[in-house]
Amino acid sequence: MDEKTSRHFAEIIELAESVFENVFYEIDATPNRSILRIEADYGKYQILVTELFSDGIRKYRYYVMQGKRVEAGFDNAPDPRAIRLKYGKIGEEHAGENISHLHLEDKTRLLLTDEMSFVDFVQWIKGNL
């Protein structure tokens, strides 16, 4: 894992430990990719975080769960619903494209978002939960 990614992960872990309870994290790194996974509690909510760096691309998933229910889930996966919402259709040129979006109401509602950082996610939690 390169120094920049290592520092980025350390900052995320430090913030998580200062805001959430029962923080558990693991880092899985190979020469080609680095993954940080965090599980934590925030009041009655469970927080699930994944940060992935691979091939120069940053992927993320920040989820707020209440039991098995998704209260909010920010990610930038190539979700077909997000691609369709952004472009009106899924064409060859956009298939597999990472699109920042937010899942709400147990993933029944989807909104497009700007790219999210872990700091933004923590601010969202403090302002919305």
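The values are calculated or read from the model by the stated rules, or taken from the named source; none is laboratory data. The structure displayed is predicted, hence computed values, not measured ones. For the accessible areas, the whole protein counts, side chains as well, though only heavy atoms, and no ligand, DNA or RNA atoms are used. Shrake-Rupley method; radii C 1.70, N 1.55, O 1.52, S 1.80 Å.
Over all projection directions, the Cα-based convex hull of the range 60-117 averages an area of 3.9 nm².
So what is Rg over Rh here for the chain, counting just Cα atoms and using Kirkwood for Rh? Please list the in-between numbers first.
On the way: Rg = 15.1 Å, Rh = 15.4 Å.
Here the Rg-to-Rh quotient is 0.98.
The lysine pair tally for the chain, using Cα distances under 16 Å and a gap of 8 or more places or different chains, is 4. Split the accessible area of the chain by element, probe 1.4 Å, and carbon with sulfur accounts for 47%.
The residues of the chain expose on average 59 square angstrom of accessible surface per residue, using a 1.4 Å probe on protein heavy atoms.
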